[in-house]
Amino acid sequence: MDISLNKTQQNITKEARRFLSKECPVDYVQEMFLDERGFSDEHWDKMSEMDWMAMRIPEEYGGMGMELIDICIVLEEMGRVVVPGPFFSTVLLAGELLIEAGSDQQKKKYLSGIADGKLHGTLALSEQESGSDFGYIQMEAKADGSDFVLNGTKLFVPDAHVSDFFVCAARTEAGENPENGITLFLLDTDTSGVTVSLLPSMDGTRKLSAIKFKNVRLSKDSILGDLNKGWGPLRRSIQRAMVGICAECVGGASRVTELSTEYSKERVQYDLPIGSYQAIKHMCADMFVDAESSRSLMYWAAWAQDHADEKEAAIAASVAKSYCTEAFRNVASNGIQVHGGTGFTWENEMHLFLKRAKANEAAFGDTVYHREKVIQLLTS
């Protein structure tokens, strides 16, 4: 396994950093943090012109058919500036599920729209009693003739308020084991009986919503993949999304380390830069180690999703998710410590990184959940 970047990937990194440094400054992020919509069409269109939405889409549907590591490079750069908006939910959640399980007709309709930046999508997964276990799916889709009727609520759905469509995971056979009886449904957000409402959240750059289903009637054509066999595609897609979260964490941790190191050289206390004191030196060194270790794990996990067997891919995703998100949270917390009182102010960007770190740590299973998952996989 070679995790060094080739020339094309190095150019992707260079162009992404150039674009984001110009088009996604701190004041834009802070403005969108407070904005109910959470992003601007102008910024989304400019990202679309960079072909980032098309990177993972197969060529026959208007995309570029690139590997996961390629889009993780872009996500790492996005993590450095805490990009707001529905890129992650559209490309890494809805998009990956369509690639994994969609029919040719569904792919032509939705993947082409994602690739050219015209459609936003997301995944409705979490429920009230899910906790860290994203496989706990109990909302029922009851068969009624040739149709299915959905009733219930999905919580913490990213960017649902601006999505044109979403994938909903529901139970079509009784039981608690996600291996059996889970079906994925693909539906437009304006479907009759669907109500989307924003939820308060820590990370205002990624809005979360509740989606309520009241007698939502769907035909069999709405099924994504096979009836009662949605867990496999869902699990594999979420693994790739988790690696994308890790890439964001790597970028964020690297940027916080840079900002903190620079500040420690400029901030003078008792006639000396605070970086000359051992406590600050050790803190910055630990931050650097956390960021670089996270990058290595993220690259391995991204490679494994495309090239390793299913067991290694699952282990790699959970190892990276548990380590990278915890490391980012630690780095962001230390970054605020280095900056002192100014690190808590709205004008300073440190709080944006900490809030994204906390949100990423909770998404799709926390650190404890994934460490237990790794043990289960290693002993199975």
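A few points about this structure:
- Scanning segment 81-120 for residues that are among the charged types (D, E, K, R) and surrounded by fewer than 23 Cβ atoms within 10 Å (Cβ to Cβ), we see that the one that is nearest to Trp231 (Cα to Cα) is Glu100.
- Filter result (closer than 19 Å to Val196 by Cβ and in contact with a helix residue (DSSP H, G or I) (Cβ under 6 Å, 6 or more places away or on another chain)) within segment 115-132: Leu119, His120, Gly121, Thr122, Leu123
- Residue identified as buried (at least 16 other Cβ atoms within 10 Å of the Cβ) and hydroxyl-bearing (Ser, Thr, Tyr) among Ser264, Ser219: Ser264
- Residue list for segment 174-205, filter: over 26 Å from Lys107 (Cβ atoms) and crowded, with 18+ Cβ neighbours inside 10 Å: Asp203, Gly204, Thr205
- Against the criterion of being closer than 25 Å to Ala363 by Cα, in contact with a Gly (Cβ under 8 Å, 6 or more places away or on another chain), touching a residue at least 40 places away in the same chain (Cβ under 8 Å) and not in a helix (DSSP H, G or I), Gly85 qualifies.
- Selection within segment 16-32 - more than 17 Å from Glu248 (Cα to Cα) and in contact (Cβ under 8 Å) with a residue 12 or more places away in the chain: Glu23, Tyr28, Gln30, Met32
- Single unsatisfied condition, Met55 versus (1) farther than 26 Å from Trp346 by Cα; (2) out of contact with any helix residue (DSSP H, G or I) (no Cβ under 7 Å at 6 or more places or on another chain): (2)
- The set of residues in segment 127-163 that are in a loop (DSSP other than H, G, I, E, B), open to solvent by 40 Å² or more (accessible area, probe 1.4 Å) and either in contact with a Phe, Trp or Tyr (Cβ under 9 Å, 6 or more places away or on another chain) or within 16 Å of Ala241 (Cα to Cα) (or both) comprises Glu129, Gly131, Ser132, Asp133.
- Scanning segment 335-380 for residues being open to solvent by less than 40 Å² (accessible area, probe 1.4 Å) and of a type in the set (Val, Ile, Thr) gives a total of 4.
- Pairs are defined by a Cβ separation below 9 Å, a sequence spacing of at least 6 or placement on different chains, a first member in segment 231-258 that is closer than 12 Å to Ala314 by Cβ, and a second member that is surrounded by 23 or more Cβ atoms within 10 Å (Cβ to Cβ) and among the acidic types (Asp, Glu); the pairs so defined are Arg236/Glu96; Ile238/Glu96; Arg240/Glu96.
The values are calculated or read from the model by the stated rules, or taken from the named source; none is laboratory data. The structure presented is a predicted model; accordingly, all values stated were derived computationally and were not measured. Cβ coordinates were reconstructed from backbone atoms using ideal geometry, including for glycine residues, and neighbour counts include every protein chain displayed. Side chains are part of the model used for accessible areas, which takes the heavy atoms of the whole protein and leaves out ligands, DNA and RNA. Shrake-Rupley method; radii C 1.70, N 1.55, O 1.52, S 1.80 Å.
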